[in-house]
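Trainee: The structure under discussion is supplied below as structure tokens; questions concerning it will follow.
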Amino acid sequence: MLTPAELVWLIAAVAKGDEAAFERLYTATRAKLFGVVLRILRRQDLAEEVIQEVYVKIWNSAGQFNPGVASPITWMASIARNRAIDVVRKKGEVSIEEEPAAMDVAADTPDPLARREMTEELRRLLECVGQLEPERQKLVLLAYYNGWSREQLAAKFQTPVNTVKTWLRRSMLDIRACLGLA
């Protein structure tokens, strides 16, 4: 991953129409942004479509980026997150006939076959997350599973962003220790 200063420079070059800079920016950030979009959409085919739209928007909006307001990756991730959320909202208007996956009803617990196939590592991870305080469990899941930003978490938990950062770091250290990785 490039440094934030390098990303700022690349975005400035993209704003001037530099295609090589855009390729470098894409290569350096595509995995992160795709992860953000995929966590929200939970469908790879939709995520791939949305990520293309996201990079078109980044290309067209690069001149509006202000490094004094947000870091480059935060700015790009917010574009990706907002576009993915727009798609989720729009998908809510689709009829069942147009969306075959809508017929798949999700249960509150995994079916017996899925539970049996769950890896030992995943069981250990879930056990370790389960040992966190309930509020920290919710924080970790919202951050790492749903892709919430620290700012969104701070608003949800009515606490400063720096406190959220500390809670996340401590929770992740506790999970690593529980897994024997620390």
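Trainee: Net charge around Cys128, counting only other residues with Cβ within less than 14 Å of its Cβ (Lys, Arg = +1; Asp, Glu = -1)?
Mentor: Net local charge, Cys128 excluded: 0.
Trainee: Alpha carbon centre of the stretch 19-92 versus the stretch 120-174: separation in Å?
Mentor: 23
Trainee: What is the set of long-range amide H partners of Trp148 at a cut-off below 5 Å, with H atoms built 1.01 Å from backbone N?
Mentor: Excluding prolines and chain starts, which carry no amide H, the hits are Ala143.
Trainee: If Arg89, Arg150 are ordered by their accessible area, calculated over protein heavy atoms with a 1.4 Å probe, which sequence runs from highest to lowest?
Mentor: Accessible-area ranking of Arg89, Arg150, largest first: Arg89, Arg150.
Trainee: Using only the heavy atoms of the protein chains and a 1.4 Å probe, how would Val88, Val8, Val164 rank by accessible area, largest first?
Mentor: I get Val88, Val8, Val164, largest accessible area first.
Trainee: Rounded to the nearest whole Å², what accessible area per residue is found for the stretch 1-90 with the 1.4 Å probe?
Mentor: Counting only protein heavy atoms, the per-residue value for the stretch 1-90 is 58 Å².
Trainee: Structure shown: which of Lys16/Lys156; Lys90/Lys138; Lys90/Lys165 lie over 29 Å apart, alpha-carbon to alpha-carbon?
Mentor: Lys16/Lys156; Lys90/Lys165, as the Cα separations exceed 29 Å there.
Trainee: Let me ask you something else. Modelling each spin label as a point 7 Å along the Cα-to-Cβ direction, I'd like the Glu6/Arg39 distance in nm, to one decimal.
Mentor: Reported label-point gap for Glu6 and Arg39 is 2.3 nm.
Trainee: With every protein chain left in place and a probe of 1.4 Å, what is the accessible surface of Trp148, to the nearest 10 Å²?
Mentor: For Trp148, solvent-accessible area is about 80 Å².
The values are calculated or read from the model by the stated rules, or taken from the named source; none is laboratory data. The model shown is predicted, which means the values in this text are computed figures rather than measured ones. Backbone-built Cβ (ideal geometry, glycine too); neighbour counts: all protein chains shown. To get the accessible areas, we keep the full protein, side chains included, count just its heavy atoms, and leave off ligands, DNA and RNA. Shrake-Rupley method; radii C 1.70, N 1.55, O 1.52, S 1.80 Å.
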